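Worksheet for the structure shown next.
The values are calculated or read from the model by the stated rules, or taken from the named source; none is laboratory data. Worth saying up front: this structure is predicted, and the values here are computed from it rather than measured. FYI the Cβ positions are ideal-geometry reconstructions off the backbone, even for glycines, and counts take in every protein chain you see. All accessible areas refer to the heavy atoms of the entire protein, side chains included, with ligands and DNA or RNA removed. Shrake-Rupley method; radii C 1.70, N 1.55, O 1.52, S 1.80 Å.
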Amino acid sequence: WCLRLQTDDCIKNAFEYAAVIRDVELLKSLLDEHKSEKGVIGQYVRVYSFIYKYMTGQTKFNKMEQALLDLKSINDSSLKILIDIYKCIALLHKRQFSYLIDKATFVEREIKNLSDKTRLFLKECFLFRLSEVLSLTNLFLNNLEEARRYASIILEANINKRAESDAYYVLGMSYLMNNPQECVYYLEKSCEKSLETNSELILTVAKYNLNMAKLLLSQELGEDAHESIVAVRDYREGNISYEEAEEKAKIVGDLDLLDYLGSMKEKKIENLHKKFHDFVANSNLYFAVIIVRDLMEAGENSDFIKSLANLRKNSSKGEVLFEKNFISCFSVRNSCSRRVSA
């Protein structure tokens, strides 16, 4: 029925519906259906053509910024917000977390200012998209309460299984340092949810994340642990050389895993110090705190080192613009009342 809609507002919503649930076949059909449109719908075709190419891998993340620059003539207010969300995604790929937080804070306020009367569906979907970015960003900045809040928005929204698997990942990793049992529980939930996507890739990533957490927790790895993670464990236990571990760890190209391996090289305190500074310099405060834990376990227990265990960049501006159950357009429940904070 999405292909039969005729009014501009309904066609706009159809594009976002297809994209936000990641139905690439429906999105392609909509693009074909409206490819000759001019005016505002023509602008939607341009923007969602970019989104389609990104979703299908035709536009790689390192080419996103140029592709977004090509959309600079777009003047529809909703589309401009959507473009800004993808600019945040580009910053996330580049791990420029500090810039991202400033940009996302502006975008969140722009979403709040969209009219509930005429653009409520887009408003909810845009918040969902931004929450995917902000849950991960706040995790990297070790701002764990905010990471959990945005992950909860995703889970409450009930929009798609892949996003829910990612949200459980954020919840799990947010408990790594203070509640290992809770951490593993949520990462196992991430694996369960990934099964529902029927995507082997998403399931593989979820299992990798679970075993990565078990490595960081010094727990027994699963039988399905990737060889790169097994190699880092084997080096830590003195079963293989650093060079062997590094070669296998490079297979996946996980920078966090490689950096964590580097911090253990020859069990030198100096390597832990170096990796701590590297993580801080790259605004990856989450892994910086993991290194602080390892420093303390290695015997560095000064008050200064202990204080670094709470290192974080507070991204909250003191005002919660949306409560976690604001998004109701995909949920089977009474949505008569909106839940936006003043």
Could you work out the relative contact order of segment 78-162, using alpha carbon pairs under 8 angstrom and six or more residues apart, expressed as a whole percent?
-> 27 percent
Take the solvent-accessible surface of the protein heavy atoms, probe 1.4 Å, and return the percent of it on the chain that carbon and sulfur atoms account for.
-> 48 percent
Using Cα centres only, tell me the gap between segment 49-82 and segment 159-236 in whole Å.
-> 31 Å
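So what's Rg/Rh here for segment 1-41, counting alpha carbon atoms and using the Kirkwood radius for Rh?
Details: Rg = 9.4 Å, Rh = 10.2 Å.
Radius of gyration relative to Kirkwood radius: 0.92.
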Accessible area of the chain divided out per residue, in Å², using a probe of 1.4 angstrom = 50 Å²
Binned Cα-Cα distances of segment 67-216, short to long, each 10 Å bin given as a whole percent = 12, 36, 34, 15, 3, 0
Relative contact order in percent for the chain (Cα pairs under 8 Å, 6+ apart) equals 14 percent
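Show me the helices of the chain, taken as full DSSP H stretches, that run 15 Å or more along their long axis by Cα and average 1.0 or above in Kyte-Doolittle hydropathy. The partial results should precede the final answer.
Values: long enough: 8-20 (18 Å, 0.02); 39-55 (24 Å, 0.45); 77-93 (25 Å, 1.18); 97-112 (22 Å, -0.08); 116-140 (36 Å, 0.43); 144-157 (20 Å, 0.03); 161-174 (20 Å, -0.46); 180-195 (23 Å, -0.68); 200-216 (24 Å, 0.76); 269-281 (18 Å, -0.37); 285-297 (18 Å, 1.44).
Those that pass (Cα extent of 15 Å or more, hydropathy at least 1.0) are 77-93, 285-297.
So for segment 1-125, averaging the separation of alpha carbon pairs under 8 Å that are six or more residues apart and normalising by length, what relative contact order in percent results?
Details: 92 pairs, mean separation 24.3, N = 125.
That works out to 19 percent.
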Low-density loop positions, chymotrypsin sites (Phe, Trp or Tyr not before Pro), segment 1-93 - DSSP coil, at most 16 other Cβ in 10 Å | 1
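Please give the FRET efficiency for residue 199 paired with residue 65, using the beta carbon to beta carbon distance and R0 = 35 Å, rounded to the nearest 0.05. Numbers along the way, then the final one.
Values: r = 27 Å, r/R0 = 0.77.
Between residue 199 and residue 65 the formula returns 0.85.
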By a straight-distance test (C-alpha under 22 Å), which lysines pair with residue 193 as possible cross-link partners, with residues fewer than eight away in the same chain excluded?
-> 161, 207, 214, 324
Selection from 34, 125, 212, by position along the positive dipole direction of the chain (Cβ) | 34
Two pseudo-spin positions, 7 Å from Cα along C-beta at residue 274 and at residue 56, lie apart in nanometres by 4.6 nm
What is the diffusion coefficient of the chain in µm²/s, taking the Kirkwood radius over Cα pairs and the Stokes-Einstein relation at 10 °C with a viscosity of 1.306 mPa s?
-> 73 µm²/s
